[in-house]
Each structure stands twice: as C-alpha cells, then as structure tokens.
Amino acid sequence: MIKNIGINEALKLGLKAHKVGNLNEADKYYTAILKAHPNHPQANHNMGILAVSVGKVREALPFFRAALEANSEMGQFWISYIDALIKLERVNDAHSILKEAIEKGIQGQEFSELEKNISNLKNKSNKEEVFLGWIFKSTQYLNSPNNPIYDIKLEECLMEDPIFLKNNKSI
C-alpha cells in the first residue's frame with residue numbers, strides 16, 4: 001500500500017479513515033508508515049490515539065513516547081501522553097511528564113488544565129490513602145464483622161467525605 005504512495009499521502013489517508021471511524025483502515029496506513037519509518041512522530045501519535053480510542057490505553061504509551069522522542073516540540077503529543085497516564089491512574093508519572101514538558105518550554109491552556117486535574121487527583125489519592133490507612137490501623141475492629149465501634153467510626157469518616165455525601169444524597 002505505502003510503496004505506491006508517499007508517506008504524506010499515506011498519513012492523509014490514515015487521518016481521513018480515522019476521522020470517519022474506519023479504524024482498521026487507519027491502522028493499516030499508520031502501521032505501513034511505521035514499518036517504513038519507525039520514528040515517524042505523527043504516525044506514532046496517531047497510533048496512540050487509535051489505541052486509546054479502542055480502550056487499549058496501556059498499549060498507546062509506547063507510541064506516544066516514540067512521538068515525543070521524535071518531536072518533543074508538539075504540545076499535543078505531550079497532552080495525549082499525559083492524558084493516557086491519567087486514564088491509567090498513573091498520576092505521579094503524569095505529573096513528572098507534565099513537569100518535563102514545562103521544562104522544555106511547552107505551554108498552553110491545556111497544560112494549565114492538566115496541572116489542575118493532576119493536582120486534584122493527587123489530593124483525592126491522598127485522602128483515600130489516609131482513609132485506608134485508618135482502616136488498616138484499626139484492624140482490631142475488622143476482626144468482628146458486626147462490631148458497632150467499627151460501624152460508628154466508618155460512618156464518621158464517610159460523613160466527613162464530600163465525595164461520599166455527594167454520591168449518597170439519601171444519607
């Protein structure tokens with residue numbers, strides 16, 4: 001397929017197929033480009049986007065990384081990579097990559113939004129760790145499934161959690 005057309009034309013056809021939802025055809029074009037030019041930044045990025053769109057977020061990471069290694073100036077490559085890490089709940093990795101992008105001078109409104117989202121996720125994660133830490137420190141209460149002290153302590157913790165209260169309005 002790619003031998004009869006150039007890389008740019010194959011990329012255009014892959015993008016066109018991708019936009020109309022013909023993912024198999026898009027995959028064929030991107031794969032053909034990557035066979036000929038394994039470090040092609042746009043083809044790697046688009047393969048990553050394609051993988052994420054079909055739920056293969058983990059498989060998308062090497063494509064995003066390759067796109068960045070080939071062209072670290074493209075803000076969208078950074079955003080896609082960070083977003084995939086967030087989807088995989090790898091918040092610390094996402095934060096590290098965001099810092100790396102900022103250090104390289106990549107800017108934009110999207111990066112400010114990502115920074116806020118990562119900060120919120122880190123705060124949420126810290127709250128969950130504190131709560132889980134309390135439960136594990138209180139293992140004496142876990143030995144008895146019908147322990148009224150455990151039930152009261154658990155209820156007290158949950159009643160202070162705005163996320164729990166928001167999701168359980170009937171309480």
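The values are calculated or read from the model by the stated rules, or taken from the named source; none is laboratory data. None of the values given here were measured: they were computed from a predicted structure. With ideal geometry, Cβ positions are generated from the backbone for all residues, glycine too; neighbour counts draw on all protein chains shown. Side chains are part of the model used for accessible areas, which takes the heavy atoms of the whole protein and leaves out ligands, DNA and RNA. Shrake-Rupley method; radii C 1.70, N 1.55, O 1.52, S 1.80 Å.
Quick rundown of the values:
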item: Conditions (1) modelled with pLDDT under 95; (2) of a type outside the set (Asp, Glu); (3) assigned to a loop (DSSP other than H, G, I, E, B): number failed by residue 38; result: (1)
item: Lone qualifier among 103, 155, 129, 160 - being out of contact with any helix residue (DSSP H, G or I) (no Cβ under 7 Å at 6 or more places or on another chain) and modelled with pLDDT of 85 or more; result: 103
item: Cβ-Cβ under 6 Å pairs, at least 6 apart or on other chains, the stretch 94-113 side within 17 Å of residue 71 (Cβ to Cβ), far side part of a helix (DSSP H, G or I) and of a type in the set (Gly, Ala, Ser); result: 106/75; 108/75
item: Single match in 34, 50 (criterion: closer than 24 Å to residue 113 by Cα and open to solvent by less than 60 Å² (accessible area, probe 1.4 Å)); result: 50
item: Residues located in the stretch 1-22, provided they are aliphatic (A, V, I, L, M), under 25 Å from the mean Cα position of the chain (by Cα) and assigned to a helix (DSSP H, G or I); result: 11, 15, 17
item: Scope the stretch 61-105; condition in contact with a Lys or Arg (Cβ under 9 Å, 6 or more places away or on another chain) and either of a type in the set (D, E, K, R) or crowded, with 21+ Cβ neighbours inside 10 Å (or both); matching residues; result: 73, 78, 81, 84
item: Given (1) exposed (fewer than 13 other Cβ atoms within 10 Å of the Cβ); (2) in a helix (DSSP H, G or I); (3) among the acidic types (Asp, Glu), number of the condition residue 25 does not satisfy; result: (1)
